[in-house]
Amino acid sequence: MSVTSSPASTQPREGRIILSACEIRYLEAGQGAPLVHLHGSGGLRWDAQKTMLAERFRVIAPEAPGFGGSPQPPGVRSLPQLSDALAELIAQVTTDGRAHVLGTSFGGRVATWLALLHPDRVERLVLSAPASFRPTGARKLTEMSAEEHARLLQRRSAPTNGSVPAPDPAAEQMRQSNLRAVDHLTAENPAEEDLLRRLPEIETPTLVLFGAEDQLIPPENGRIYADRMPDCHLVYVYAAGHLIANDRPDAFFRTVSEFLERGPAFVVNRG
């Protein structure tokens with residue numbers, strides 16, 4: 001069962017749902033059209049972007065199995081299997097079994113599989129710097145230090161004083177735990193070529209966002225989606241890196257909200 005928030009509330013409330021293959025913790029706030037927000041490899045947190053979106057939508061933010069308060073089930077070892085669980089979640093927490101879906105980075109990978117395998121559950125799809133189709137030879141996050149990972153999350157032209165922040169043992173422990181969860185959830189994943197080949201099957205209206213200064217995932221990857229998906233809008237956000245909502249929160253909120261609310265009438269506000 002979902003948690004019902006008061007009309008004006010953008011403060012999240014916690015819920016749990018037991019699905020066929022796993023148990024998932026989630027946070028929820030706001031009212032309006034349901035929007036399922038899938039987090040990246042950094043895990044679930046209720047941040048400013050979700051608060052802003054909860055002013056217009058009923059935001060439901062699941063915590064992927066193996067992250068934080070969601071147990072890691074042995075039977076969910078691929079993104080298609082995870083998308084099956086999320087489709088079941090959407091069916092249970094919405095009145096008509098459909099929701100908008102927004103996936104960020106790793107969550108964008110999950111959201112793409114969800115739209116491919118369960119199009120009946122996805123009203124409109126937003127992929128924010130989706131982490132599929134990384135270049136051949138690109139280093140895995142598990143091969144990077146915390147400092148290198150943090151630098152790649154910044155926009156390319158971000159000012160720096162050259163100093164390296166002191167390591168935070170607790171934060172690094174959490175990062176490693178989250179990356180192990182990603183490894184578990186992708187242990188039996190189909191090859192990326194399979195997803196690439198099937199992108200034209202996704203007919204869900206889709207918005208793909210990339211920060212023009214993304215250092216982690218090449219912004220040029222946006223063309224992969226736009227060239228193959230039949231109903232796909234590609235938007236590059238200037239002065240933004242991989243974490244678009246952090247670098248340009250107003251632009252992110254405006255663009256995503258207009259796309260979800262206006263659908264075919266969506267026009268990018270270039271002002």
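All of the numbers you see were taken from the coordinates with simple rules; none came from a lab. All values reported here derive from a predicted model rather than from experimental measurement. Every residue, glycine as well, gets a Cβ built from its backbone with ideal geometry; the counts of neighbours run over all protein chains shown.
Within the stretch 184-217, which residues are more than 30 Å from ALA239 (Cβ to Cβ), charged (D, E, K, R) and without any contact (Cβ under 8 Å) to a residue 60 or more places away in the chain?
GLU193, ASP194, ARG197
Check off (1) surrounded by fewer than 24 Cβ atoms within 10 Å (Cβ to Cβ); (2) hydrophobic (A, V, I, L, M, F, W, C); (3) touching a residue at least 40 places away in the same chain (Cβ under 8 Å); (4) in contact with a Ser or Thr (Cβ under 8 Å, 6 or more places away or on another chain) for LEU19 and give me the number that stays unchecked.
(4) is the only condition that LEU19 fails.
When the residues of the stretch 125-157 are filtered to those that are within 30 Å of ALA33 (Cβ to Cβ) and in a loop (DSSP other than H, G, I, E, B), which remaining residue is farthest from the chain's Cα centre (by Cα)?
Restricting to residues being within 30 Å of ALA33 (Cβ to Cβ) and in a loop (DSSP other than H, G, I, E, B), the top hit is PHE133.
If you take the residues of the stretch 95-114 that are under 23 Å from GLY32 (Cα atoms) and β-branched (Val, Ile, Thr), which of them is farthest from the chain's Cα centre (by Cα)? Outline the logic, then answer.
Within the stretch 95-114, the subset under 23 Å from GLY32 (Cα atoms) is 95-104, 107-108, 111, 114.
Those left that are additionally β-branched (Val, Ile, Thr): 95, 101, 104.
Working: THR95: 23, VAL101: 8, THR104: 2 Å.
Top of the filtered list is THR95.
Please count how many residues of the stretch 222-236 are under 23 Å from LYS140 (Cβ atoms) and crowded, with 20+ Cβ neighbours inside 10 Å.
2
Right, SER83: surrounded by fewer than 21 Cβ atoms within 10 Å (Cβ to Cβ) and among the hydroxyl-bearing types (Ser, Thr, Tyr) or not?
On the way: surrounded by fewer than 21 Cβ atoms within 10 Å (Cβ to Cβ): no; among the hydroxyl-bearing types (Ser, Thr, Tyr): yes.
The answer is no for SER83.
Take the stretch 60-74 and flag every residue that is free of Cβ contacts under 8 Å to residues at least 40 places away in the same chain and closer than 23 Å to GLY30 by Cα.
Listed by number, the residues that qualify are PRO62, GLU63.
Would you point out the residue of the stretch 115-136, among those that are free of Cβ contacts under 8 Å to residues at least 60 places away in the same chain and under 18 Å from ASP194 (Cα atoms), that is surrounded by the fewest Cβ atoms within 10 Å (Cβ to Cβ)?
Within the stretch 115-136, the match that is surrounded by the fewest Cβ atoms within 10 Å (Cβ to Cβ) is THR136.
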